[in-house]
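Have a look at this one before I ask anything.
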Amino acid sequence: MTYCCGLLVREGLVMIADTRTNAGVDNISTFRKLHIFEKPNDRVVMIATAGNLSVSQNVISHVTAGLDNPDTGERETIATVSSMFAAAQLVGRAVRKVRETLGASTEQVNYDVTMLLGGQLAGRNMRLFMVYSAGNFIEATEDTPYLQIGEHKYGKPVLDRAVNFESEIYDSLKLGLVSMDSTMRSNLGVGLPIDIALLRRDAPDLEINHRIDHVDPYFHDLRDRWSVALRQAHLNIPRPPYGKRR
């Protein structure tokens with residue numbers, strides 16, 4: 001299992017992904033799931049992946065090496081597409097191609113995969129998409145400025161209550177990490193290290209590209225402070241006025 005989230009606010013884009021992959025309690029591994037493609041002064045594109053690891057790795061290989069565009073006949077890569085929308089179309093084609101290729105070999109394996117695709121090309125709009133296992137996709141909007149994939153249900157309440165399009169970008173990063181911590185506490189299939197990236201709107205390169213490991217002091221402090229804050233919050237809420245008071 002895994003958990004990844006992308007938050008698109010007015011100031012820019014935050015992407016967060018864990019690295020845990022497991023095929024049972026005795027087969028847990030670490031694989032990078034946040035893939036970053038940078039072309040100086042031209043583009044920063046990020047892809048976070050959840051689901052079948054074989055499909056995910058094959059898709060990343062295809063968008064890096066290139067696929068033919070059925071409309072133009074030209075070979076496209078993530079480094080040459082003309083827009084983020086074209087990048088989402090490229091990832092969708094790659095997903096369909098890999099599923100068709102691998103699915104032909106056996107019917108006994110779940111080849112589902114979902115991906116978050118976010119970034120900006122120079123002179124174009126910053127955008128964030130979720131690509132489904134069928135190759136179709138949806139886009140984050142000002143009304144819904146974040147997208148999640150993988151084991152998302154534990155971290156969703158945090159983002160629902162606190163994130164909006166006007167959220168400050170570092171506050172958005174903090175809330176994304178709180179949602180990751182909430183997920184890690186409730187699901188052993190999600191775990192450290194965590195990869196994070198932060199891209200300001202119209203910036204030429206990433207402001208943050210960092211891996212949080214088991215000894216990261218800020219993340220440990222965030223986890224402790226959030227736990228204390230939750231306990232204090234429920235203590236500050238008045239007792240329910242139902243039933244007989246004892």
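The values are calculated or read from the model by the stated rules, or taken from the named source; none is laboratory data. As the structure is a prediction and not an experimental result, all values here were calculated from the model. As a convention, Cβ positions derive from the backbone with ideal geometry for all residues, glycine included, and neighbour counts pool all protein chains shown.
Could you count how many residues in segment 215-246 are of a type outside the set (V, I, T), closer than 30 Å to E11 by Cβ and assigned to a loop (DSSP other than H, G, I, E, B)?
So the count comes out to 1.
Under 6 Å by Cβ, and 6 or more places apart or on different chains, what pairs join a residue from segment 16-33 that is of a type in the set (F, W, Y) with one that is modelled with pLDDT under 90?
F31/T21
Also, quick follow-up: Just to be sure before I move on: is A65 among the aliphatic types (A, V, I, L, M), in contact with a strand residue (DSSP E or B) (Cβ under 7 Å, 6 or more places away or on another chain) and at pLDDT 95 or above in the structure I sent?
no
Within segment 13-38, which residues are assigned to a strand (DSSP E or B) and either modelled with pLDDT of 95 or more or touching a Leu at 6+ places or on another chain (Cβ under 7 Å) (or both)?
L13, V14, M15, I16, A17, D18, T21, L34, H35, I36, F37, E38
Within the set of pairs 6 or more residues apart or between chains, which connect a residue that is under 16 Å from I169 (Cα atoms) inside segment 133-154 to a residue that is assigned to a loop (DSSP other than H, G, I, E, B) with Cβ atoms less than 6 Å apart?
E142/F165; P145/F165; Y146/V163; L147/A140
Related question: If you scan segment 188-223, which residues turn out to be among the charged types (D, E, K, R) and loosely packed, with under 10 Cβ neighbours inside 10 Å?
none
If you go through segment 40-87 one residue at a time, how many are assigned to a loop (DSSP other than H, G, I, E, B) and among the aliphatic types (A, V, I, L, M)?
Number satisfying all stated conditions: 3.
Which one of the conditions (1) of a type in the set (A, V, I, L, M, F, W, C); (2) within 24 Å of R20 (Cβ to Cβ); (3) in a helix (DSSP H, G or I); (4) modelled with pLDDT of 95 or more does L90 fail to meet, given that it meets all the rest?
Single failed check for L90: (2).
Would you pick out the residues in segment 217-235 that are within 17 Å of S179 (Cβ to Cβ) and over 22 Å from the mean Cα position of the chain (by Cα)?
Within segment 217-235, D221, D224, R225, S227, A229, L230, A233 meet the criteria.
Consider only pairs whose beta carbons are under 8 Å apart and that are at least six residues apart or on different chains; among these, list those whose first residue lies in segment 166-190 and is more than 12 Å from R223 (Cα to Cα) and whose second residue is hydroxyl-bearing (S, T, Y) and surrounded by fewer than 21 Cβ atoms within 10 Å (Cβ to Cβ).
Correct list of pairs: S186/Y154; N187/Y154.
Can you tell me which of R231, R211 is under 19 Å from K33 (Cα atoms) and among the basic types (K, R)?
R211
Right, another one. Assess whether P145 counts as being surrounded by fewer than 15 Cβ atoms within 10 Å (Cβ to Cβ) and either under 21 Å from the mean Cα position of the chain (by Cα) or over 30 Å from D160 (Cα atoms) (or both).
no
On to the next question. List every residue pair whose Cβ atoms lie under 8 Å apart, where the two residues are 6 or more positions apart in sequence or sit on different chains, the first residue falls within segment 207-231 and is among the aliphatic types (A, V, I, L, M), and the second residue, located anywhere, is at pLDDT 95 or above and assigned to a helix (DSSP H, G or I).
Cβ pairs passing all conditions: I208/L173; I212/L177; I212/Y218; I212/F219; L222/K174; L222/L177; L222/V178; L222/D181.
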